[in-house]
Amino acid sequence: MEVFIENENNVTTARFVGRLDTPASQEVAKSIEPILENPTGTIVLDCKEMSYISSSGLRIFLTIRKAAAAKGGNVIVKDINNDIRQVFMMTGFLNLFEIQ
Amino acid sequence: MKKIIEFFKEGKSMETWGRLTLVLMAAIILEATSFMQQRFLARSTRREAMIKAESVLSTTRYEIMDVVEQAEQAIRDNMWIAQWCLDNPDSLINVTRRIVEEYTAVVGSTVALVPGYNKKLPFYAPYTYVKDGEIVFTSLATAEYNYPAHEWFIEPLEMGMGYWSEPYLDTNGGNIKMTTYSRPVLDPLGKTGAVITVDISLEWLSKHVGRVDIYPDAYSVLVSRKGVLMMSPSDSLAMQITLQEMAERLKSEKGFSELIDGMLSGKSGMVTVQTAEEGSSSVYYAPVPRTGWSMAVLIPEREVFKEVRRMGFLCMLLQILGVLMLIFILLSVARSWIEYQKTKDVEIHLERELEIGREIQMSMVPKVFPPFPERNDIDIAATIVPAKMVGGDLYDFYIRDEKLFFCIGDVSGKGVPASLLMAVTRSLFRNISAQEDSPAKIVEGINRSMDTNDETGMFVTFFCGVLEMHTGRLRYCNAGHNAPLLFTDHVQLLDVVPNLPLGVEGSMVFQEQQINLLLDDALYLYTDGISEAENPRHELFGLERMEAVLHERRTAMEHLDAMKAAIADFVEDAPQSDDITMLFIHYLNDNTQNNNMARHLILHNDIQQIPQLAEFVETIAEEKNLDQALAMSLNLALEEAVTNVILYAYPNGIDGLVDIEAFIREDCLEFILSDSGKPFDPTAAPDADITLGVDERSIGGLGIYLVRNIMDTVSYRYENGKNILTMIKKI
């Protein structure tokens, strides 16, 4: 799993590539620290190239969401595939995020 | 000398003493032969000396006789003139002169009248003699000389015949040592009128006939009838001493009296005389006829045997040299024997070290059989029968995570380098396979780590397999090794891609293959020490013999024992040239039971192992043709369940296992998770409330919720110290 974070015009984009399983989540937790420190503006979680997510991955998403909520940021989850959408649905995450 | 002492100190073996005895025997035989030779030589030399002496004796005698004859002839020739001149004594001087002039042997002559025969001249003896080469006249009829009193005058008159006088020094004439032959001169009436004489110089005689040159120190003596020396090596002795005196002078010890008796009695013969002066001498003697003299040739023994002794000495010298050479040879043989012994000691030492090396080597591979007595799903046996030298064969196997990892290999070459490389290969196999399940990856890892330097040019043919115990799936990778035999319902060579041996090309990508083993299938791995075992007729053991041995139904160990016996029978007394290594794996798990296909995965309690689950689910999905979405959710459920165990079942830092079994059935998939951690029932936790908003949602609790939602049945039990979570998914 690799995460590419870009910041442009007050829009922070985190692009997830690969499987966000438990070990990957431990890595990603470090990668997204900059976002958690300044969770303002629009935060786009680009999941176009993410093939899998586990509960720990979901936890990462939830952490960002919570941080953004506290600071008035806006989190958008973009381009999740159907399998992951199923998981989001199962876990009620569809209700927690703005899905594009 | 030092060496000899060392030799005696060091060489105490029977062989050495044997050799020494041999030398002594040789020396004794040599000496004995030489002694006999000397004896024969001495005997023939003595015979030769005798022949020589006798010939000298007879030659000298003839020469003397010749002189005697000349003297007697001189008188015979002039006898008639002397008779005729008896009446004219004045003419007698001419007779004597004629004799002296005519006969070279004669140095003086006289015709001495018998006193009273001629009234006018009662005493008359004109004498002619040679002095310093001149002919000189004198008269013997002087008062001082008084010739009628002399032996030469008296004896012939008395005997009425010719007479050779005893030697004497003539004081009247030339003052020379001489002997005189005299004969009576008769007148026509038969009356003795005078005595006619000729003188022979003994000095001249000595010079003329006395030389004896057969031996440098040999000499001849002429002895008068009274035993006076007339001719001897030293002129000064002649006439002055008798044989008896000579014996005394030479300090005779024995034999001289016999010689004197013999010579004086006119006999001929040989005696050995012993004197202090000259040692032992052989004396040959014979009489000189008519004169009453006796002639002898003396040959000192030391002369005769001088040559024999010289040769004897030479022989002895040669023999000593020979014996010395023998000893030298013996010493060098003994030394090289000792060297050889030392080398042998070093060799034995080296051999012992190699043996220890081999023991260490052997201790690296599993040697206890059966290796997994608690298991009934596998029967394994393996063996290495080492050749004389430490070789480079190896095998290894162990079970990790319900997978049997095994390998067999053969390092090129022999000896210590090969065994070191073998040890390296074996530990690389263990280290890499601890982390890696793919045989190709294991082989590649070993190959990469192996120092592929071209200096040694060593390589390893290697076969590595990973057998999943529950399913019978065998993945394998061959690195230039002999294809193993595969026993299913028939025997065949396992289909292998040869690839390259290890240590040839570090970056080599190895191809992996796989088959599924069923109950009772078996795999026989071996090194070329078996297929190429050679008998004395240079035939190879070969595959067919190998197959024939394995044809019968036996346990793995019995198979290997039978194979060893078959090879031993085949090679007869030919020496084993290469290690014989075999590994027999008999798969005994009934993986076809109930149409179930079991899958098994064992993970450590390490988050990093989670990705293996994806692969695990992938294979199941392939088996069952599950769709992508279901596969992913199964993966997710398993990951959540496993993560739960990894995070919570074991205390921090404690290594534990999570065992995942998957049973693929017609209508469902059953997953059984078990661990030996503390009892923990994940199903007891309350479900996460997914209806809560962002602020109220807790971070945790999602995992088990996902499991419950994905799986149709989730149940927990704690049994035999294990947490067992069973999850069923209908399909």
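The values are calculated or read from the model by the stated rules, or taken from the named source; none is laboratory data. As the structure is a prediction and not an experimental result, all values here were calculated from the model. Virtual Cβ from ideal backbone geometry, glycine too; neighbours counted across all protein chains shown.
One line per residue, one yes/no per condition, for (1) of a type in the set (Lys, Arg); (2) crowded, with 20+ Cβ neighbours inside 10 Å:
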position: A:Glu6; (1), (2): no, no
position: A:Asp21; (1), (2): no, yes
position: A:Ile43; (1), (2): no, yes
position: A:Ile53; (1), (2): no, yes
position: A:Phe61; (1), (2): no, yes
position: A:Arg65; (1), (2): yes, yes
position: A:Lys71; (1), (2): yes, no
position: A:Arg85; (1), (2): yes, no
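Filtered by the rule that a residue be in contact with a strand residue (DSSP E or B) (Cβ under 8 Å, 6 or more places away or on another chain) and not β-branched (Val, Ile, Thr), the stretch B:631-651 gives B:Met632, B:Leu634, B:Asn635, B:Leu636, B:Ala637, B:Leu638, B:Ala641, B:Ala649, B:Tyr650. Only one entry of B:Ala621, B:Ala614 meets the criterion of being assigned to a helix (DSSP H, G or I) and within 16 Å of B:Val707 (Cα to Cα), and that entry is B:Ala614.
Within the stretch B:214-230, is there a residue that is surrounded by fewer than 17 Cβ atoms within 10 Å (Cβ to Cβ) and in contact with a Leu (Cβ under 6 Å, 6 or more places away or on another chain)? Within the stretch B:214-230 (the criterion being surrounded by fewer than 17 Cβ atoms within 10 Å (Cβ to Cβ) and in contact with a Leu (Cβ under 6 Å, 6 or more places away or on another chain)), the answer is no, since none of the residues qualifies.
Select from the stretch B:619-634 the residues that are loosely packed, with under 14 Cβ neighbours inside 10 Å and of a type in the set (D, E, K, R) and write down the one among them that is nearest to the other protein chains (Cβ to nearest Cβ). Only one residue fits best here, namely B:Asp627.
Counting only residues that are hydrophobic (A, V, I, L, M, F, W, C) and within 16 Å of B:Glu639 (Cβ to Cβ), which one in the stretch B:690-704 is nearest to the other protein chains (Cβ to nearest Cβ)? Walk me through how you get there before you give the answer.
In the first step, residues of the stretch B:690-704 are kept if they are hydrophobic (A, V, I, L, M, F, W, C); the result is B:690, B:692, B:694, B:699, B:702, B:704.
Cutting the leftovers down to within 16 Å of B:Glu639 (Cβ to Cβ) gives us B:702, B:704.
Values: B:Leu702: 4, B:Ile704: 9 Å.
Only one residue tops the list, namely B:Leu702.
Hey, any hits in the stretch B:714-725 for a residue that's in contact with an Asp or Glu (Cβ under 6 Å, 6 or more places away or on another chain), more than 14 Å from chain A (Cβ to nearest Cβ) and not small (Gly, Ala, Ser)? Checked the stretch B:714-725: at least one residue is in contact with an Asp or Glu (Cβ under 6 Å, 6 or more places away or on another chain), more than 14 Å from chain A (Cβ to nearest Cβ) and not small (Gly, Ala, Ser). Just checking, does the stretch A:17-34 include any residue being touching an Asp or Glu at 6+ places or on another chain (Cβ under 6 Å) and of a type in the set (A, V, I, L, M)? Among the residues of the stretch A:17-34, at least one is touching an Asp or Glu at 6+ places or on another chain (Cβ under 6 Å) and of a type in the set (A, V, I, L, M), which makes the answer yes. Of the numbered criteria (1) of a type in the set (Ser, Thr, Tyr); (2) closer than 26 Å to B:Pro575 by Cβ; (3) modelled with pLDDT under 85, the one B:Ser332 fails is (2). Of the listed requirements (1) surrounded by fewer than 22 Cβ atoms within 10 Å (Cβ to Cβ); (2) within 21 Å of B:Leu702 (Cα to Cα), A:Arg15 misses just one: (2). Of the candidates B:Pro501, B:Pro484, the single residue that is modelled with pLDDT of 90 or more and over 12 Å from B:Leu523 (Cα atoms) is B:Pro501. Residues of the stretch B:50-84 that are within 24 Å of B:Glu166 (Cα to Cα), acidic (Asp, Glu), modelled with pLDDT under 90 and surrounded by 15 or more Cβ atoms within 10 Å (Cβ to Cβ): B:Glu63 alone.
So that you can scan it fast, the table gives a plain yes or no per residue for (1) outside any helix (DSSP H, G or I); (2) under 54 Å from the mean Cα position of the chain (by Cα):
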residue: B:Leu22; (1), (2): no, yes
residue: B:Ile29; (1), (2): no, yes
residue: B:Trp80; (1), (2): no, no
residue: B:Asp87; (1), (2): yes, no
residue: B:Ile93; (1), (2): no, no
residue: B:Glu101; (1), (2): no, no
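Show me the strands (runs of 3 or more DSSP E) found entirely inside the stretch A:7-100 where at least 3 residues are within 12 Å of another protein chain (Cβ to nearest Cβ) and at negative phi. It would help to see each step written out before you state the result.
Values: elements: A:11-20, A:42-53, A:74-78.
Result: A:42-53.
For the stretch B:679-716, a residue qualifies if it is surrounded by fewer than 14 Cβ atoms within 10 Å (Cβ to Cβ), of a type outside the set (Ser, Thr, Tyr) and not in a loop (DSSP other than H, G, I, E, B), and exactly one does: B:Ala684. Among the residues of the stretch B:526-538, those identified as in contact (Cβ under 8 Å) with a residue 12 or more places away in the chain and of a type outside the set (S, T, N, Q) are B:Tyr526, B:Asp528, B:Gly529, B:Ile530, B:Glu532, B:Ala533, B:Glu534, B:Pro536. Does any residue of the stretch B:251-262 turn out to be part of a helix (DSSP H, G or I), loosely packed, with under 14 Cβ neighbours inside 10 Å and of a type in the set (Gly, Ala, Ser)? No; the residues of the stretch B:251-262 include none that is part of a helix (DSSP H, G or I), loosely packed, with under 14 Cβ neighbours inside 10 Å and of a type in the set (Gly, Ala, Ser). Under the condition of being within 22 Å of B:Ala440 (Cβ to Cβ) and hydroxyl-bearing (Ser, Thr, Tyr), the residues counted in the stretch B:485-523 number 1.
Filtered by the rule that a residue be surrounded by fewer than 20 Cβ atoms within 10 Å (Cβ to Cβ), within 29 Å of B:Arg665 (Cβ to Cβ) and polar (S, T, N, Q), the stretch B:459-504 gives a lone residue, B:Thr488. Pairs are defined by a Cβ separation below 7 Å, a sequence spacing of at least 6 or placement on different chains, a first member in the stretch B:635-664 that is within 19 Å of B:Asn709 (Cβ to Cβ) and at the interface with chain A (Cβ under 10 Å from one of its Cβ atoms), and a second member that is surrounded by fewer than 19 Cβ atoms within 10 Å (Cβ to Cβ) and not charged (D, E, K, R); the pairs so defined are B:Asn635/B:Ala614.
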